[in-house]
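Enquirer: This is the structure I want to talk about, given as structure tokens.
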């Protein structure tokens, strides 16, 4: 029966190899994949033209039961003593002439090593992905290729000889083949406007966005598409420039403005109006903007913003739109199939690597740099997010992050419009009371915030206020372990640390509550490890290099992290030198220092810029901060916070400076770090008391300002 199904697949289906050729499968070779679904397993059997026996430790989806019952797929799930049982079964099956494929999801590195050593296997890593779905989720249908497409993309990695085998190398190679097969998916070549039109058409009469600024008015997919279509036509009459600035708080106005730009073939440039006049003048000059979409209320509140000579009040325009014009266009949206709408808007069939939006880095550690995000970048990251958080788990999300923030741009603006959860918008994440009220009133399931802002919710919220939340994801800065535990103990909401950057569109990795693994049909793997930032999202590959020599290291050793995937940007705007420093052969050199553990969880130990070289040793600022906060916060008040940074010193080269908003003596710092077994070399030599640590609008600590304060403290000490 298995041969019959393989013949049928070869007859009517297609296997598209991403790699150069199929591997040799004879002898003592063992195929290893992460996790395979039914179509992927059958495609592999057809491609390699021999029966394959699949072994797994994680329970597969129920879709495979019919195939097993028909005998089309040989599969055994081993639940007890995984390494020993799987190793013995590999040997037995090999004696019977089977080619064995091990699904390693749920197995730790040491378990895989035991199996390979026990069976003396040469290992071939592989990944497969059908074109009928993207990034491991079945709940994102409009991303799929249209029609009955039986194509499966397959990527085989280089064979790893038994004598050269290490589990860390296998984990690295599995991430890389998975990244390559996801990158090759044809859906990622589509235009963001097409994904948005199809996503909004699926929710013609259902709420896609709720704007609390206009008294909680609901906007369906049909209304959002109608307004954006009308605005796209208005923009075409007002400007012929390829880029349009957007200066709007989170809300439906910002969503309509960004969507209208993309529908009209223009690139929205969401400007960070909190960065100051000088920084924004540089951003406007970089992008060549001469036209900005905003509202007069925003203009009045930001008199110092460097407005262009031409600007458009989108709120006034929306309020003045004739109801008959809205009704006529709404009927056209309702009655027209998506292809007709796309044809009327002249949306290109492909977006791929063309820019779909421009954001700017935060400027916390230097001048803001323009980051063009392509259609491929945004579609890939949305699909990756959707893979781990499908709509049936997360039906609604709080949208309080500004659209100039990468999380606000991708996660709470585009994700809802291309088929994700309903978004409820709040003007500012700093309005703690309003945010808590919004979560409670609209029964939201997901909130994305920073540890700094999390402390505000901890002080003001009660468990019943946040009872609807299934998940809080924190980012932008390291989540202190005591803060996360205190929040969960008091408010009973899982707090999961995530990780990303603007150049990654932005999400790279995230911890998840345990229920996400259980409800996805997996029994063994943990979804969260406290202290890590979670597993990389599907389709993201990771490498680690030594900071000084740039020699590649095993990914379980600490070094500079490199990332590759469809969500990684293509380079900074008009800055080839800066781009060459961070993009090398498709790999993004993040500047973050970290490692990957044996279960695939990513640990971030700080940015390379947040290390000081003291006495020839790299000293991590973040580790010192964590020790001080964990030891002293219990004896201080909840507002206590510290930042460690380096400053130049004429005599000593570089010294560590501790900035604190509470009185701390050098003796207290010394005793605290001594209890934590911190080397004397790591002790801050200068302590400066500040009224409050400088915080940016997105909740991040302003490291650039901290460095200025530290330099002033060192100069003052030298002068004394």
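Enquirer: Relative contact order (percent) for the range 619-719, with alpha-carbon contacts under 8 angstrom and 6 or more residues of separation? Don't skip to the answer; put the middle values down first.
Expert: On the way: 137 pairs, mean separation 28.2, N = 101.
Reported relative contact order: 28 percent.
Enquirer: If you wrap the chain's Cα atoms in a convex hull and average its projection over all directions, what's the area in nm²? Write down the numbers at each step before the final one.
Expert: Details: hull surface 131.2 nm².
Dividing the Cα hull surface by four gives the mean projection, 32.8 nm².
Enquirer: Just the number, please: percent antiparallel of the DSSP beta bridges in the range 605-720, rounded to the nearest 5. Before the final figure, lay out each step's value.
Expert: Values: 13 of 17 bridges.
Once the DSSP bridges in the range 605-720 are tallied, antiparallel ones form about 75 percent.
Enquirer: Provide 12, 611 in ascending order of the number of other Cβ atoms located within 10 Å of each residue's Cβ, fewest first.
Expert: Numbers: 12 9, 611 19.
By the 10 Å Cβ count, ascending, the order reads 12, 611.
Enquirer: Still on this structure, please answer the following. Can you tell me the length gained on complete extension of the stretch residue 427 to residue 50, counting 0.36 nm per residue apart and subtracting the Cα distance? It would help to have the intermediate numbers written out before the result.
Expert: Details: separation 377, 0.36 × 377 = 135.72 nm, distance 5.88 nm.
Extending this stretch completely gives an extra 129.8 nm.
Enquirer: Largest first and in whole Å, what are the equivalent-ellipsoid semi-axes of the range 404-448 based on the Cα gyration tensor, each being the root of 5 times an eigenvalue?
Expert: Working: eigenvalues 70, 37, 9 Å².
Square roots of five times the eigenvalues give 19, 14, 7 Å.
Enquirer: If you take every DSSP beta bridge fully contained in the chain, what fraction is antiparallel? Give it as a percent rounded to 5. Before the final figure, lay out each step's value.
Expert: Details: 52 of 102 bridges.
Among the beta bridges of the chain, antiparallel pairing accounts for roughly 50 percent.
Enquirer: Something else now. Extension gain residue 584-residue 163, at 0.36 nm per residue separation less the Cα-Cα distance, in nm? Mind showing how you got there, number by number?
Expert: Values: separation 421, 0.36 × 421 = 151.56 nm, distance 3.00 nm.
148.6 nm is the gain from fully extending residue 584 to residue 163.
Enquirer: Which value in nm describes the separation of the simple spin-label points at residue 278 and residue 303, placed 7 Å from the Cα toward the beta carbon?
Expert: 2.2 nm
Enquirer: Kindly put 28, 677 in sequence by how many other C-beta atoms sit within 10 Å of each C-beta, fewest to most.
Expert: 677, 28
Enquirer: Can you give me the relative contact order of the range 559-616 as a percent, contacts being Cα pairs under 8 Å and 6 or more apart? Don't skip to the end; give the middle numbers.
Expert: On the way: 63 pairs, mean separation 19.3, N = 58.
It rounds to 33 percent for the range 559-616.
Enquirer: What ranking do 414, 229 get, fewest neighbouring Cβ atoms within 10 angstrom at the top? Walk me through the numbers before you get to the answer.
Expert: Details: 414 28, 229 23.
Least to most surrounded, the residues fall as 229, 414.
Enquirer: Now for a different question. Ignoring solvent entirely, what values of log10 I(q)/I(0) come out of the Debye formula for the range 228-304 at 0.23, 0.24 Å⁻¹ when each Cα is a single scatterer?
Expert: -1.11, -1.18
Enquirer: For the chain, what does the helix formula give at 222 nm: sum of -39500 (n - 2.57) over DSSP H segments with n ≥ 4, over the residue count, nearest 500 deg cm²/dmol?
Expert: Values: 24 runs with 256 residues, N = 720.
Value at 222 nm, helices only, nearest 500: -10500 deg cm²/dmol.
Enquirer: Also, I was wondering about something else. Quote to one decimal, in nm, the extra length available between residue 492 and residue 636 on full extension: 0.36 nm per residue of separation minus the C-alpha distance between them.
Expert: Working: separation 144, 0.36 × 144 = 51.84 nm, distance 2.39 nm.
So the extension gain works out to 49.4 nm.
Enquirer: In the range 90-106, which residues have a backbone nitrogen under 20 Å from the label point lying 7 Å from residue 28's Cα in the Cα-to-Cβ direction?
Expert: What the label zone holds, given the 20 Å backbone N cut-off, is 90-103.
Enquirer: Over the chain, what relative contact order in percent results from Cα pairs under 8 Å that are six or more residues apart? Can you show the working numbers first?
Expert: Numbers: 1475 pairs, mean separation 76.1, N = 720.
This gives 11 percent for the chain.
Enquirer: What share of the DSSP beta bridges in the range 294-443 is antiparallel, in percent to the nearest 5? Write out the running numbers ahead of the final one.
Expert: Details: 5 of 10 bridges.
Percent antiparallel among DSSP bridges in the range 294-443 is about 50.
Enquirer: Also, I was wondering about something else. Computed on alpha carbon atoms, what radius of gyration and Dmax characterise the range 225-362, expressed in Å?
Expert: In Å, with Rg to one decimal and Dmax whole: 15.5, 48.
Enquirer: I've got another one for you. Determine Rg/Rh for the range 192-603; Rg is computed over alpha-carbon atoms and Rh is the Kirkwood hydrodynamic estimate from the same atoms. It would help to have the intermediate numbers written out before the result.
Expert: Working: Rg = 20.9 Å, Rh = 21.9 Å.
With Rh from the inverse mean 1/r over Cα pairs, Rg/Rh is 0.96.
Here, each number is a calculation from the coordinates, and none is a lab measurement. This is a predicted model, so every value here is computed, not measured. So basically every Cβ, Gly included, is an ideal-geometry build from the backbone, and we count neighbours across all protein chains shown.
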